Amino acid sequence: MSAEKPQRIGLLGTGCIGRLHAEHLANRVNGAALAAVADINLTAARDVAARFRVNSATDDYRQLLQDPSLGAVVICSSSDTHTRFIGEAAAHGKHVFCEKPIGVNRESIMEALDAVNKAGVKLQIGFNRRFDPSFAKARELIVAGKIGQPRIMRITSRDPEAPTLEYVKTCGGIFLDMTIHDFDMARFLSGSEVEEIYAVGGALVIPEIGQLGEVDTCVVTMRMQNGVLATIDNSLQSVYGYDQRVEVFGSAGMVQVGNRTPDTHVCLDNNGVHTAKPQYFFLERYQDSYLAEMQAFVDCIREDRPPLVSGKDGLAPVLIGIAARKSLVERRPVTLSC
Ligand SMILES: NC(=O)c1ccc[n+]([C@@H]2O[C@H](COP(=O)([O-])OP(=O)(O)OC[C@H]3O[C@@H](n4cnc5c(N)ncnc54)[C@H](O)[C@@H]3O)[C@@H](O)[C@H]2O)c1
């Protein structure tokens, strides 16, 4: 065990994903101590503080950022607040872990990245799927040349149930909230940037989402700069459970990642062959990746290494998402300039 003092970390946003990170920071991440929490919902902040024996709970995030005893903050508030909090946290000299998306528009992201660079603090973005053992293995095999030259990539991501309309209003739309994980996975697995994108979509599940000008179902086709052709399909409703699959096909083979089930039973009867549905949702399916990404964040601070998912990795899929939106609205392929 290291004699070094644990990193005192503040948590900003104690909703669904904030509570998960709180539990990891308080109980499971080596070298970390959850020392303060903030949420505009004071009851939520106090609840998390009580559960994880944290002395400081506030509804004013500035109070948390001004605490000199904190070395880092973990931002888990709604997506439209991220860039403001990143910029202010950096200005207070805090290292930052920020949930995806890094932001919802280019200008505010550039300002936040500028603040991070000026302050010389570390910034890691919450693309947890890179830390999933199966996706990490797929990338390792691709980089090692086991499938030869990658040619086609297929990514499927379908949720078991849609979020609330309230959430939809602040999340930045399907491309910046949901598909963004798949854009990141496309970059991660291909090792390349998106050159061209074409997106189609519809409100096929929840008509109210359509009234907000959003879609709940989409198919995206992309040409990567290295020539790989990729498709992503998303749905906010999959009746058979959380469907998370990836396939990369290359000149010398193929690598696939399938769904995970809570158990591996197979039941055969006169209606067919039945297995368990996939693990319920992201908190179950990606449980180990959330812990691994937070350990990596704390380790990069303690060992003074660059974060494994950088600010640039945060920006790129937002730009892809904005291009996807443009493609959807204008009903045409869009070329990316990054
Ligand atoms: N990496 C992943 O797999 C993953 C999964 C879920 C959510 N997320 C991201 O995490 C973020 C939060 O998502 P969630 O599902 O936990 O949402 P949520 O609505 O459950 O929680 C958000 C919390 O932020 C608080 N908040 C909002 N504005 C605030 C402000 N100005 N100051 C302080 N607190 C504020 C809200 O009161 C709420 O408690 C989103 O950006 C989302 O995209 C990432």
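A simple count of charges around G87, restricted to other residues whose Cβ falls under 9 Å of its Cβ and scoring Lys, Arg +1 and Asp, Glu -1, yields -2.
Is region 200-338 best put as rounded, prolate or oblate by its Cα gyration tensor, with a ≥ b ≥ c the root eigenvalues, rounded for a/c under 1.5, and otherwise prolate when a/b is larger than b/c, oblate when not? The shape class here is oblate. In terms of its alpha-carbon gyration tensor, region 157-265 comes out oblate; a/c meets the 1.5 threshold, while b/c is at least as large as a/b. Computed over region 198-338, relative contact order equals 21 percent, with contacts defined as Cα pairs under 8 Å that lie 6+ residues apart.
Site pair T164 and E247 shows an inter-label distance of 3.8 nm when each label is modelled 7 Å from Cα along Cα→Cβ. What is region 1-99 by shape, rounded, prolate or oblate, if you read a ≥ b ≥ c off the alpha carbon gyration tensor as root eigenvalues and call it rounded for a/c under 1.5, prolate for a/b larger than b/c, and oblate otherwise? Oblate, because a/c is 1.5 or more while a/b does not exceed b/c. Under 19 Å from a label point set 7 Å out along the Cα-to-Cβ vector of F281, the amide N atoms of region 94-136 belong to 99-101, 127-129. All other residues whose Cβ lies under 12 angstrom from that of V29 are scored, Lys and Arg at +1 and Asp and Glu at -1, for a net of -1.
With springs only between Cα atoms under 10 Å, which of V194, V104, V54 fluctuates most in a Gaussian network model of the chain? Highest fluctuation among the options: V54. Across the chain, the relative contact order, built from alpha-carbon pairs under 8 Å that are at least six residues apart, equals 19 percent.
Loop-located GluC sites (Glu not before Pro) across region 127-194 with a Cβ neighbour count of 14 or fewer within 10 Å are E161, with loop assigned by DSSP.
Take the Cα of S69, step 7 Å toward its Cβ, do the same at Q149, and the gap between the two points is 5.9 nm.
Summary of the geometry: region 204-249 and region 117-189, compared by the centres of their Cα atoms, lie 12 Å apart. Placing unit charges on each Cβ (+1 for Lys and Arg, -1 for Asp and Glu) gives region 127-248 a dipole about its Cα centre, and among L212, V168, S134 the Cα reaching farthest toward its positive end belongs to S134.
Take the chain with all the other protein chains still there, run a 1.4 Å probe, and you get 46 Å² of accessible area per residue. Counting only residues at least eight positions apart within a chain, or on another chain, the lysines with an alpha carbon under 25 Å from that of K118 are K94, K100, K312. Counting only DSSP beta bridges with both residues in the chain, the antiparallel share comes to about 55 percent.
The values are calculated or read from the model by the stated rules, or taken from the named source; none is laboratory data. Note that the coordinates shown come from a computational prediction; the quantities given were computed from them, not determined experimentally. Cβ coordinates were reconstructed from backbone atoms using ideal geometry, including for glycine residues, and neighbour counts include every protein chain displayed. Quick note on the areas: whole protein, heavy atoms, side chains included, nothing else; ligands and nucleic acids left out. Shrake-Rupley method; radii C 1.70, N 1.55, O 1.52, S 1.80 Å.
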